[in-house]
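One structure is given here, and the rest of the page talks about it.
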Amino acid sequence: MLFIDTHAHLDHLENVEQALVQAAEAGVSDIIAVSVDLKANKRNLELKKSIQRPRIHVALGIHPGNIVPDEVEETLRFIREHIKEAVAIGETGLDYWYKWAKKDEAKKAEQRQLFRRQLELAREFDLPVVIHSRGAWRDCLTMTRDAGVKKAVFHWYSGPVDVLNDIVASGYMVSTTPSLAYSPPSREAISQAPIEHTMIETDCPVYYQEGEDGRFQATPKDVARTLKAYVALKNVDESKALAVFNENARRFFGI
Ligand SMILES: [Zn+2]
């Protein structure tokens, strides 16, 4: 079985070389390395060049939680200069749940402005967008549609089902993580999402629950856990589901 981890922060892994060897051994053929700031954009492009297996594909972007005002222009310039090396724009989007953003309309507006500029970049270069949408699901969808972006994935989607239905109706995708094994909002959303609009990922190195009170720190090989959780939730055939997920990822990212 071959797996594709469609959302990994490789630059945040403590021992990325070891994690990639383990991923290759576990059958991970491809990884989408998403980037959150200038440093991450640079590091992920380096990893793509230096690692043969698994194949690394890079998404270039600025995360709403990593906005450094003094670096924004330089980062957007860097992304533009390296756009041919990217398969997507991201991780970008909005997050209204950060404490510093929750009650601060100016901060939310700053997030929206930067998200809009990245959506425009995606449209200009006809690239898919990897979207972080926590607490801002409806705004993310409206802005993505308004920007005329054709391909978007609402990563680790755990928002309301009415927005999910509009995401699917717009032809966009959602993705899910190992949290699908236990998180009620993830389970509620993904149980409603058609498999043709769903992808699997790890968002590594995020920590996830395991059992009653254990937890583990994800690396790309744990995309197999996301698949297992999906199969258990939806009661579908494992290898058939994986084939659909792989096809979705290949088509979405053009890999
Ligand atoms: Zn992420």
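Along the range 44-56 the Karplus relation, 6.51 cos²θ - 1.76 cosθ + 1.60 evaluated at θ = phi - 60°, assigns HN-Hα couplings of 5, 5, 5, 4, 4, 6, 8, 9, 8, 10, x, 5, 10 Hz to successive residues, with x for each Gly and Pro. If the cut-off is a Cα-Cα distance under 17 Å, which lysines reach K107, setting aside same-chain residues fewer than 8 apart in sequence? Cross-link targets: K99.
Relative contact order, whole percent, for the range 2-77 stands at 32, derived from Cα pairs under 8 Å and 6 or more residues apart.
Restricting the count to DSSP beta bridges whose residues both fall in the chain, what percent are antiparallel, rounded to a multiple of 5?
Values: 4 of 28 bridges.
Approximately 15 percent, going by the DSSP bridge assignments.
For H7, nonlocal amide neighbours, meaning residues 5 or more places apart or on other chains whose placed amide H falls under 5 Å from its own, are I32, T202, D203.
Among rounded, prolate and oblate, which fits the range 1-139 when a ≥ b ≥ c are the square roots of the eigenvalues of its C-alpha gyration tensor, a/c under 1.5 means rounded, and a/b larger than b/c means prolate? Walk me through the numbers before you get to the answer.
Details: a/c = 2.02, a/b = 1.69, b/c = 1.20.
Prolate, because a/c is 1.5 or more and a/b exceeds b/c.
Mean-square fluctuations from a GNM of the chain, with a 10 angstrom spring cutoff on Cα atoms, peak among P194, P178, P205 at P194. Couplings 3J(HN,Hα) for the range 228-233, derived from phi with the Karplus relation 6.51 cos²θ - 1.76 cosθ + 1.60 (θ = phi - 60°), are 4, 5, 5, 4, 5, 5 Hz, where x marks Gly and Pro.
Neighbours of V36 by Cβ distance under 13 Å: Lys/Arg scored +1, Asp/Glu scored -1, total -3. Only Cα pairs under 8 Å and 6+ residues apart enter the sum, and on that basis the relative contact order of the range 68-123 stands at 34 percent. If the segment from E238 to E124 were pulled out straight at 0.36 nm per residue, it would be longer than the present Cα-Cα gap by 37.3 nm. With θ taken as phi - 60° and the Karplus curve 6.51 cos²θ - 1.76 cosθ + 1.60 applied, the whole-hertz 3J(HN,Hα) list for the range 148-156 is x, 6, 8, 10, 8, 10, 8, 6, 6 Hz, x standing for glycine and proline. Around the amide H of V58, modelled in the peptide plane, lie the amide H atoms of A33, V87, all under 5 Å away and 5 or more residues distant in sequence or on another chain.
Taking all Cα pairs closer than 8 Å and separated by 6 or more residues, the relative contact order of the range 3-253 comes to 19 percent. For M199, nonlocal amide neighbours, meaning residues 5 or more places apart or on other chains whose placed amide H falls under 5 Å from its own, are V174, S175, T176. Rounded to the nearest 20 debye, the dipole size of the chain about its Cα centre is 360 debye, using +1 on the Cβ of Lys and Arg and -1 on the Cβ of Asp and Glu.
On a 25 Å Cα-Cα criterion, which of the cross-link pairs K48/K221; K49/K221; K42/K84; K39/K228 come out too long? Violating the 25 Å limit, Cα to Cα: K39/K228. Here is how the number arises for the chain: DSSP H runs of 4 or more residues each give -39500 (n - 2.57), the sum is divided by the residue count, and the result at 222 nm is -13500 deg cm²/dmol.
Where a number appears in this text, it was derived from the coordinates with a stated rule and is not lab data. Every value quoted in this text rests on a predicted model; they were computed, and no experiment measured them. Please note: Cβ atoms are built from the backbone with ideal geometry, for glycine as well, and neighbour counts cover all protein chains shown.
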